[in-house]
């Protein structure tokens, strides 16, 4: 390797070394044999990351070979190598500028790379999408088209169910992409899933069926909303197949069961086929309404997402969905697909409380559905979120042993079990002090464990995090979790 003078701003001074493509291959091994999950680019980036952390041949200042030379040596496309270099540059492991090559950055002795800027607002909050990826141009064009094409009558109070054009487009979308049994007449356009749940809760209370079962663990905010509307909340355990139907007590007293079958919050598991069938039988036998919050139903990364429960039992299932996870929470656009027996009452109550909707927003969203821009946006974001989830799991495996990802590859959040020598409250305090709005698994339980109990877990929203922010978050969590106890040390109390 030939010495060169440092011309970069990477913080390296004095002679540096240039690595050849064949030399890099000798360090990493053949591309086809690189270990780990993901494609070749992801695995190449992971191997380089390991070598940089270890020091040795990839010391700070080492110039990496050009991407074309690496691609030729490894028999890869240049795009794969460029993606690996860009990933490591975004994380802070590589640095360089035009004309001076890409080189290993100086991370300092044992230092972890940190984000170049503070994490964005609401960073790592479960369920928050990448707000920077909102298709502003497409939405603006759709809004202009809606304003231009809408009839004068569309500026009136309109149908309390929402504009017919949006309900027609939504019904087609839900049939095609969620396997729903959907018709425009059964749909109500609401102001997000929480707005639809409020409408259902008020109707349950008014009908004298105020007892509702929820998954345990589940969202504390959702449970608070239900109690605020006067419902009695009871918990049902969740395991690897989702809600444990056999654990439902006194189903004849229940008005409804609220669940997240596509990707349970926070455990991240889908409701199994057997559980779906058992739940439907129970609902029909006892007259129980199933409320399906299609939370993150659009996002599954290892295969196509499972169809919605409503498609299996439209007579006893109300489907809730929104664009809060797919576009942005600020739009306040959602839908409620009601069973035939419930629809007239829900429409009547909706007309009393919301005599008109946000028609311009309805027509703009209908335009995105009609043109295919919405489904194209979903494809783009699905790829982006899959990459970020993979980066998070890779970082946890490499830098935070004992931190165990849970659930299936889907959604916008990753549940992580903490090692038994750490404490959830301490890790949460550390990551929140850095600006990451991570949730504790303990707070999702109906009966939260004591704060000093060892272990626990985190619920990390990864969709809005850059690779560098993910790396930094994992480093902070690992440091707060502490090192594993030495052999022979007594177990932590708890």
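Kirkwood's formula applied to the C-alpha pairs of the range 39-94 gives a hydrodynamic radius of 11.4 angstrom. The C-alpha atoms of the chain define a longest principal axis, and helix 424-433 lies at about 80 degrees to it.
Restricting attention to the chain, close to 60% of DSSP beta bridges with both partner residues there are antiparallel.
Computed over every Cα-Cα pair of the range 345-423 and binned at 10 Å starting from 0, the pair-distance distribution P(r) comes out as 14, 25, 20, 20, 16, 4 percent.
A helix-only calculation puts the chain at -12000 deg cm²/dmol for mean residue ellipticity at 222 nm, using -39500 (n - 2.57) for each DSSP H run of at least four residues, averaged over all residues. Across the range 376-481, the mean sequence separation of Cα contacts (distance under 8 Å, 6 or more residues apart), normalised by length, yields a relative contact order of 35 percent.
Once the Cα atoms are used to define both axes, helix 273-286 deviates from the longest principal axis of the chain by about 20 degrees.
For the range 150-250, the alpha carbon convex hull comes to 150 Å³ per residue, rounded to a whole number. Projecting the alpha carbon convex hull of the range 187-303 along each direction and taking the average yields 7.5 nm².
Based on C-alpha pairs under 8 angstrom that are at least 6 apart in sequence, the chain has a relative contact order of 18 percent.
Cα convex hull, the chain: 167 Å³ per residue, rounded to a whole number. Rounded to the nearest 10 degrees, the angle from helix 467-481 to the longest Cα principal axis of the chain is 90 degrees. Computed from the Kirkwood radius of its Cα pairs, the Stokes-Einstein diffusion coefficient for the range 135-371 at 20 °C and 1.002 mPa s stands at 118 µm²/s.
Divide the volume of the convex hull around the Cα atoms of the range 376-481 by the residue count and you get 97 Å³ per residue.
Just so you know, all these numbers are worked out from the coordinates, no wet-lab data involved. The shown structure was predicted, so the numbers you read here are calculated from the model rather than taken from an experiment.
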